[in-house]
Amino acid sequence: MANVIVVGYDGADGAQAALAESLDLCRDLEAELVAVFGYGVPIPERESADYRETLRELGEKFTDEAVRRAEEAGVKASAEVVFEKAAQALVDAAAKHDARMIVVGSHGEGPLAGALLGSVPHRLVHLAEQPVLVVRR
Amino acid sequence: MMEGTAGAGGLKKNAIGYLSNVVIGVASTAPGYSIAATLGFVVAIAGVGLAAPAVMLVSFIPMFCIAYAYRYMNQADPDCGTTFSWATRGLGPSAGWLGGWAIVVTDVIVMASLSQIAAIYTFLLFDWNSAAESQVAVMIAGVIWIFLMTLICYLGTELSARTQQILLAIEIFTLTLFAIWALAKVYINNPAGSLHVQASWFSPFSVDSFGALINGVLLGTFIYWGWDSGVAVNEESEDSATGPGKAAVVSTLLLLGIYLIVSAAAQAYGGPDLLIDNADDVLSVLGTQVFPSPLDKLLIITVLTSASASTQTTILPTARATLSMARQKAFPPSFGKIHPRHLTPSYSTVWMGVVSTIWFISIELLSPDNVLGDSVTALGFGIAFYYGITGIACVLFYRRELRKDFKTFFYAGVLPLVGAISLFGIFGKSLIDYSKPANTNTAILGIGSPVAIGVGSLLLGVVVMFFARFRYREFFSRKPEVFDPATAGQAIVPEEAI
């Protein structure tokens with residue numbers, strides 16, 4: 001197991017809390033941070049690379065921001081922007097980096113959307129091999 | 001042993017991909033809604049009458065040819081998947097821009113038909129017949145429908161592949177059950193006005209005139225509209241050498257089968273007059289007569305789920321097309337905006353919902369009676385136009401490859417060209433026929449409304465493009481490209497043709 005903590009970051013309030021918590025943990029554990037953004041989209045949308053490209057750019061904007069904040073806090077950090085839905089993207093990134101844990105916000109999309117979509121943390125605790133830390137906003 | 005296990009695992013994976021390819025192909029054409037919206041109007045064309053199933057059969061041919069243009073263009077430029085970017089490459093920026101415009105306006109126009117059908121069938125589901133016949137009630141329900149569907153697309157809520165498969169299974173089951181039930185009644189009970197199925201219904205030669213057949217095919221293009229997007233999505237699935245090809249054939253046969261059996265059963269049960277009199281809602285009227293209660297509601301629910309799937313597959317690609325145009329600097333940049341939470345093209349989606357609502361309300365107010373039939377006919381013009389330019393773009397883009405081997409020559413050259421020529425031919429012939437208000441249900445400014453709406457919206461695109469040329473100089477100075485095996489990167493020629 002590598003000394004890596006994976007955090008899901010999409011710029012939302014929940015993700016801010018998750019980022020802050022994971023930065024604290026990284027400092028205490030002297031771990032590296034990997035900021036992950038997943039942008040899986042419904043089937044009809046997959047046809048358009050322009051759309052995918054736009055989403056990837058958005059993801060890079062977010063993860064760059066997370067990496068910058070980590071470096072300001074003295075934590076070594078890198079970014080992963082993955083064409084997968086958020087939960088799967090986090091699971092994949094955690095496996096790729098052999099991470100020790102995954103940190104996410106409790107909800108990024110609001111309680112109603114969370115209920116409709118099946119929230120990311122809910123899926124994550126079922127999918128992930130690593131411990132999952134859910135941070136309340 | 002190891003090999004056996006791996007093989008079994010691989011088979012399962014392919015089987016799932018294969019099934020979902022079939023589902024996408026059939027679901028994006030929305031058979032239940034397509035029949036409900038068109039069958040009555042096809043039968044109503046003077047000279048077609050009982051040969052409606054033959055029209056369904058013939059309409060498929062140009063769509064089949066154009067599907068190959070989609071397949072090849074998608075292979076060379078798998079990124080963008082839209083007529084906009086393919087026609088820009090094959091024919092130049094003006095054709096590309098107009099192609100993009102045509103996609104957007106046809107999608108806006110179809111929203112009026114979709115929401116009208118959805119509104120009527122929602123009322124009929126609850127036996128609220130007075131509301132279904134009230135124009136104001138239909139208009140209000142239609143606007144609510146557009147709002148809800150836009151909201152769903154804005155939020156990026158998607159049905160799982162599994163749910164889609166179940167819904168489609170119910171749709172196909174219900175339509176087949178309806179056809180069998182209707183035919184059984186025809187042959188056992190002989191209800192008043194029913195006819196026995198005849199071979200001549202399926203023969204294009206039993207249509208009175210070639211012109212009538214062409215006019216029917218213009219409407220028929222609508223029922224296969226969307227089939228191409230299934231083919232395009234197929235490309236990216238696993239085992240793309242054989243799986244998608246087979247899936248395309250299966251979904252095609254399934255679709256053709258459904259259309260033939262349902263249209264034949266519908267006219268066998270009620271005869272042409274019943275279909276013409278109830279052209280707005282053929283399936284609900286037939287459903288109550290054919291099925292015992294409450295089974296008739298199943299048919300209404302089927303049309304509703306079909307219409308909702310169709311609305312989604314209308315809004316999503318439109319937003320995608322305008323986003324694509326914005327990114328390639330051919331359209332205002334705000335159309336390229338993405339919602340940071342929902343990851344949807346937010347601006348494009350909202351804009352699509354608003355324009356559709358305005359269009360729906362104004363078409364209901366301006367031309368109250370039978371707008372549905374005329375706007376479906378109008379759609380035929382837009383569809384024929386942008387499918388046609390996709391075909392031509394494919395031939396030109398691949399022109400240097402055509403002599404290399406017969407397969408490329410035939411599938412990337414002959415078929416797209418035949419498809420394009422026949423679609424432009426249908427466009428031209430229908431333009432002449434439908435310009436005369438005598439041949440249409442309604443007229444706008446003395447021109448038959450299918451032409452006024454369908455061709456008018458394309459001409460409006462030419463006017464808008466005139467201004468766009470000044471604004472987006474960089475895009476409009478692009479030159480047409482030719483297929484270059486070196487830059488295409490991916491497989492150049494499909495290993496296995498459909």
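Some observations on this one:
- For segment B:329-348, filtering for residues that are touching a Ser or Thr at 6+ places or on another chain (Cβ under 7 Å) and farther than 20 Å from A:ALA12 by Cβ leaves 4.
- Test: residue in segment A:90-102 that is assigned to a strand (DSSP E or B) and either on the phi > 0 side of the Ramachandran plot or at pLDDT 85 or above (or both): yes
- Number of residues in segment A:6-30 that are within 22 Å of A:GLN88 (Cβ to Cβ) and either aromatic (Phe, Trp, Tyr) or outside any helix (DSSP H, G or I) (or both): the value is 7.
- B:VAL108 over 24 Å from B:PRO480 (Cβ atoms) and in contact (Cβ under 8 Å) with a residue 12 or more places away in the chain: yes
- The listed residues are B:ALA76, B:ALA102, and the only one of them that is away from every other protein chain (no Cβ under 14 Å), in contact with a helix residue (DSSP H, G or I) (Cβ under 9 Å, 6 or more places away or on another chain) and small (Gly, Ala, Ser) turns out to be B:ALA102.
- Within segment B:256-289, the residues that satisfy the criterion of being among the aliphatic types (A, V, I, L, M) and at pLDDT below 85 are B:LEU274, B:LEU275, B:ILE276, B:ALA279, B:VAL282, B:LEU283, B:VAL285.
- Selected residue (criterion: nearest to B:ASN215 (Cα to Cα)) from residues of segment B:396-416 that are in contact with a Gly (Cβ under 7 Å, 6 or more places away or on another chain) and in contact (Cβ under 8 Å) with a residue 40 or more places away in the chain: B:PRO416
- For B:THR440, the stated conditions hold: it is modelled with pLDDT under 90, under 19 Å from B:ASN215 (Cβ atoms) and of a type in the set (Ser, Thr, Tyr).
- Breaking point among (1) in contact (Cβ under 8 Å) with a residue 24 or more places away in the chain; (2) surrounded by 21 or more Cβ atoms within 10 Å (Cβ to Cβ), for B:ALA326: (1)
- For segment A:62-76, a residue qualifies if it is of a type outside the set (A, V, I, L, M), assigned to a helix (DSSP H, G or I) and either more than 9 Å from every other protein chain (Cβ to nearest Cβ) or in contact with a Cys (Cβ under 8 Å, 6 or more places away or on another chain) (or both), and the qualifying residues are A:THR63, A:ASP64, A:GLU65, A:ARG68, A:ARG69, A:GLU71, A:GLU72.
- Residues in segment B:463-498 that are loosely packed, with under 15 Cβ neighbours inside 10 Å and β-branched (Val, Ile, Thr) were compared, and the one that is modelled with the lowest pLDDT is B:THR487.
- Filtering segment B:134-158 to residues that are more than 14 Å from B:ALA112 (Cβ to Cβ), under 23 Å from the mean Cα position of the chain (by Cα), within 14 Å of chain A (Cβ to nearest Cβ) and not aromatic (Phe, Trp, Tyr) leaves B:LEU148, B:LEU151, B:ILE152, B:CYS153, B:GLY156, B:THR157, B:GLU158.
- Scanning segment A:9-23 for residues that are more than 13 Å from chain B (Cβ to nearest Cβ) and surrounded by 22 or more Cβ atoms within 10 Å (Cβ to Cβ) yields A:ALA18, A:LEU19, A:SER22, A:LEU23.
- Restricting B:PRO332, B:PRO345, B:PRO294 to residues that are touching a helix residue (DSSP H, G or I) at 6+ places or on another chain (Cβ under 9 Å) and either touching a residue at least 12 places away in the same chain (Cβ under 8 Å) or within 26 Å of B:VAL138 (Cα to Cα) (or both) narrows the list to B:PRO345.
- Residue list for segment A:1-58, filter: β-branched (Val, Ile, Thr) and either at pLDDT below 85 or under 20 Å from B:GLY336 (Cβ atoms) (or both): A:VAL41, A:ILE43, A:THR54
Here's the yes/no breakdown for (1) over 25 Å from B:GLN289 (Cβ atoms); (2) touching a residue at least 60 places away in the same chain (Cβ under 8 Å); (3) part of a helix (DSSP H, G or I):
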residue	(1), (2), (3)
B:GLN164	yes, yes, yes
B:GLU171	no, yes, yes
B:THR174	no, yes, yes
B:LYS185	no, yes, yes
B:PRO191	no, yes, no
B:HIS196	no, yes, no
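- Inside segment B:277-290, residues that are assigned to a helix (DSSP H, G or I) and surrounded by fewer than 19 Cβ atoms within 10 Å (Cβ to Cβ) make up a count of 3.
Here is a yes/no grid of residues against (1) crowded, with 22+ Cβ neighbours inside 10 Å; (2) more than 30 Å from B:PHE360 (Cβ to Cβ):
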{"residue": "B:SER115", "(1), (2)": "yes, no"}
{"residue": "B:ALA132", "(1), (2)": "no, no"}
{"residue": "B:TYR154", "(1), (2)": "no, no"}
{"residue": "B:PHE173", "(1), (2)": "no, yes"}
{"residue": "B:THR176", "(1), (2)": "no, yes"}
{"residue": "B:TYR187", "(1), (2)": "no, yes"}
{"residue": "B:PRO191", "(1), (2)": "no, yes"}
{"residue": "B:SER200", "(1), (2)": "no, yes"}
{"residue": "B:VAL217", "(1), (2)": "yes, no"}
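- Those residues of segment B:308-319 which are at pLDDT 80 or above and touching a Gly at 6+ places or on another chain (Cβ under 8 Å), in sequence order: B:SER310, B:ILE315
- Residue within segment B:58-73 that is within 14 Å of chain A (Cβ to nearest Cβ), assigned to a helix (DSSP H, G or I) and not hydroxyl-bearing (Ser, Thr, Tyr) present: yes
- The listed residues are B:ALA199, B:ALA169, B:ALA161, B:ALA131, and the only one of them that is farther than 26 Å from B:ILE383 by Cα, modelled with pLDDT under 85 and within 14 Å of another protein chain (Cβ to nearest Cβ) turns out to be B:ALA161.
The values are calculated or read from the model by the stated rules, or taken from the named source; none is laboratory data. Since we're looking at a predicted model, the values are computed, not measured. For neighbour counting, all protein chains shown are included, and Cβ atoms are generated from backbone atoms with ideal geometry for every residue, glycine included.
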